[in-house]
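Since the structure comes first, as structure tokens, the remarks are kept for the end.
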Amino acid sequence: MTLMRQLWRTKPTDEIVGEAGHGEGGELRRTMGLWQLTLFSVGATLGTGIFVILGQAVPKAGPAVILAFVMAAITALFSALSYAELAGTIPVSGSSYSYAYATLGEIVAWVCGWCLMLEYAVSVAAVAVGWGQYLNAFLQDLFGWQLPAAITHSPGESGGVVNVTAILIVLLATWVLLGGASESAAANVVFVLIKVAVLLFFCVVAFTAFQAQNFTPFAPLGIAGITAAASQVFFSYIGFDAASTAGEEAKNPRRDLPLAIVLSLVIVTVVYVLVATAAVGAMPWTEFNPETTEAGLALIVNLATGATWPGVIVSFGAVIAIASVVLTVMYGQTRILFAMSRDGLIPRVFQKVNPRRQVPVANTLIVASFVSVLAGLIPLGQLAEATSIGTLFAFAIVNVGVIVLRRTRPDLPRDFKTPFFPLTPVLGVIMCVVVMAGLAGVTWVAFLLWLAVGFGCYFLYGYRHSRLRTEMQS
């Protein structure tokens, strides 16, 4: 077999599904139901974005920011429907990595998995970095004091030495993850219910100060403004695919995974639209300041009531939101590494499962160590933006994968089928490419450098240790 044929070899879908839950180091346990899976995706999606994004998006679109959220949701929906079909057809832990392996070949699967490593590790570190600042905002509102900048900021930024608070939230998430998948899901349910309750509290309070005239004119900056805002708020929807990484720990994956992915996107969209409507109704769009986004929602409820206690509750919601994102994204990272290790593309240590807790302990500890170093010691800056391009690349791959698998394996049982095929996945690919094209040049440079390192790792280790390559040669 030539090198090119080996690089583009696909792994049989039946084999991928047959391996689900199993590895040389043990097997995962199926404990998650529909709502636990749904809230996993909601937990990964509904982060601090909504607490800060309004202050940046409203000045671009005015009251029509509501349409911007809907437009971004529709853009995300194309990819979500493709994820839903493949998650139900290939219910494994690898998410888009495994889908690519089954449809487009090993080298594409490796690139997809490598992109997901960047997305998950750097994004969770970037989110953890900001936790100390939100914690300080909460402490300031509640007690009138803050933690010192030396332990709440990255080195070299605002007097930071070591971001101890970032390391702390990563270690807390690790402790929960090591308890087991069902315990992690239960903790996430609590986190998600709290932050949704806080956002609904914001809506109730903000609606008491609702002024209909704040929506006139509705689109002062026209279609161009709405489109610009939609591009910005699109990244508040990234995370809906989190349920797909739990494919081997779902009780009824073929039915529940597609439903969880679509339901989570619907829930998040409803919350975003409600919050945007309440915010603009309570405060004229011209008063939104993109320079003070961190306290945007807290400021609105404080102004609406003339008191400070509502802002304390909203700040608490932001603290919980970050905890939930760190937990769910780290979970997804470990499960994708588990699948890649089972295929031989990364070392075997990542697939070793603790027989009592039935979680990949060594895998989780390695991820936690790496993320802790990133979050505590390295100023991430614009590197965090590179996670967006990796995510969009994975989305595009999944959309293409749906088209390929429909052609190559039309016989596979599909409990959920992407509607309006092939239009939906084709539009999904186009939308991903359009959003990727709008990202900054420095983001593309970081992404290409990461890919170059990834290809080096693949040819030095993954290609040589690939289980599929070994099986085909024997």
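Hey, among the residues in segment 228-249 that are over 17 Å from the mean Cα position of the chain (by Cα) and among the hydrophobic types (A, V, I, L, M, F, W, C), which one's surrounded by the most Cβ atoms within 10 Å (Cβ to Cβ)?
Out of the qualifying residues, it is Ala229.
Only helices (runs of 4 or more DSSP H) wholly contained in segment 403-474 count here; list those with 1 or more residues that are within 26 Å of the chain's Cα centre (by Cα), of a type in the set (A, V, I, L, M, F, W, C) and surrounded by fewer than 16 Cβ atoms within 10 Å (Cβ to Cβ).
So the answer is 423-437, 441-457.
What tally of residues in segment 202-227 results from selecting those that are in a helix (DSSP H, G or I), crowded, with 16+ Cβ neighbours inside 10 Å and not polar (S, T, N, Q)?
Qualifying residue count, segment 202-227: 7.
Residue check: is Ala187 part of a helix (DSSP H, G or I), at pLDDT below 95 and under 30 Å from Thr308 (Cα atoms)?
yes
Being β-branched (Val, Ile, Thr) and under 13 Å from Thr408 (Cβ atoms) is the filter here; which residues of segment 1-15 pass it?
The answer is Thr10, Thr13.
Do you know which of the residues in segment 104-136 that are small (Gly, Ala, Ser) and over 21 Å from Leu374 (Cα atoms) is modelled with the highest pLDDT?
This residue is Ala109.
What are the residues in segment 137-159 that are under 19 Å from Leu377 (Cβ atoms) and touching a residue at least 40 places away in the same chain (Cβ under 8 Å), if any?
Within segment 137-159, Ser154, Pro155, Gly156, Glu157 qualify.
What are the residue pairs meeting all of these: first residue in segment 405-416, first residue over 11 Å from Thr13 (Cα atoms), second residue aliphatic (A, V, I, L, M) and outside any loop (DSSP other than H, G, I, E, B), Cβ atoms under 6 Å, and 6 or more apart or on different chains?
Phe416/Ala84
From the set of residues in segment 295-310 that are touching a helix residue (DSSP H, G or I) at 6+ places or on another chain (Cβ under 6 Å) and of a type in the set (Gly, Ala, Ser), which is nearest to Ala137 (Cα to Cα)?
It comes out as Ala298.
Go through segment 9-24 and give me each residue that's at pLDDT below 80, closer than 18 Å to Gly462 by Cβ and surrounded by 13 or more Cβ atoms within 10 Å (Cβ to Cβ).
Glu19, Gly23
Out of all the residues in segment 372-390, is one or more touching a Cys at 6+ places or on another chain (Cβ under 6 Å) and of a type outside the set (Ser, Thr, Tyr)?
So far as segment 372-390 goes, yes, one or more of its residues are touching a Cys at 6+ places or on another chain (Cβ under 6 Å) and of a type outside the set (Ser, Thr, Tyr).
Kindly indicate whether any position in segment 78-88 is of a type in the set (A, V, I, L, M, F, W, C) and either surrounded by fewer than 24 Cβ atoms within 10 Å (Cβ to Cβ) or on the phi > 0 side of the Ramachandran plot (or both).
Yes: one or more hits.
Looking at segment 228-248, which of its residues are of a type in the set (Phe, Trp, Tyr) and assigned to a helix (DSSP H, G or I)?
Across segment 228-248, the qualifying residues are Phe234, Phe235, Phe240.
The values are calculated or read from the model by the stated rules, or taken from the named source; none is laboratory data. Predicted, not measured: the structure shown is a model, and the values here were computed from it. Cβ atoms come from the backbone with ideal geometry, glycine included; neighbour counts cover every protein chain shown.
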